[in-house]
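Only one structure is covered here, and it is reproduced in the block below.
Laboratory data are not the source of any read-out in this text; all were calculated from the coordinates shown. Please read all numbers here as calculations on a predicted model, not as lab measurements. Reconstructed Cβ throughout: ideal geometry from the backbone, glycine too, with neighbour counts over all protein chains shown.
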Amino acid sequence: QSAIAETKIESMVGTWKWEDFTIRVSKCAKTEVCAKVASGPKNVGLEMIQSKLKATGDSFVGKVAHPQTGDTYNSKISMKSTNVWHIDGCTAANVCASGDFKRIN
């Protein structure tokens, strides 16, 4: 993996907000980066990152669980700024979703 990709994975570490959810991102052995639902209306404790994230250009692709439903999406994560990540994805059943995760810490 390139140094640029490694820097971006490092920059994901922190606490993020999406709608009514708070997501804590940390480095971990299993998938390199883990994102756990820390608080929200449901699925607290859910591990969102379901596969290693693969760097592709300025983005990452991988399997990510939706914090609201727990469904796994084939997702693309791109950095809009150091404090905003945008995620787009679709499930195997072709249900699609997208959103911005904003850094709060």
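Entry remark, the range 69-94: residues being under 19 Å from T22 (Cβ atoms), in contact (Cβ under 8 Å) with a residue 40 or more places away in the chain and surrounded by fewer than 18 Cβ atoms within 10 Å (Cβ to Cβ) number 1 in total. Please determine, by comparing only the residues of the range 17-33 that are among the aliphatic types (A, V, I, L, M) and without any contact (Cβ under 8 Å) to a residue 60 or more places away in the chain, which one is surrounded by the fewest Cβ atoms within 10 Å (Cβ to Cβ). Residue satisfying both the conditions and the ranking: A29.
Identify the residue in the range 47-65 that is of a type in the set (A, V, I, L, M) and under 18 Å from V13 (Cβ atoms) and, among all such residues, is surrounded by the fewest Cβ atoms within 10 Å (Cβ to Cβ). Here the answer is A55.
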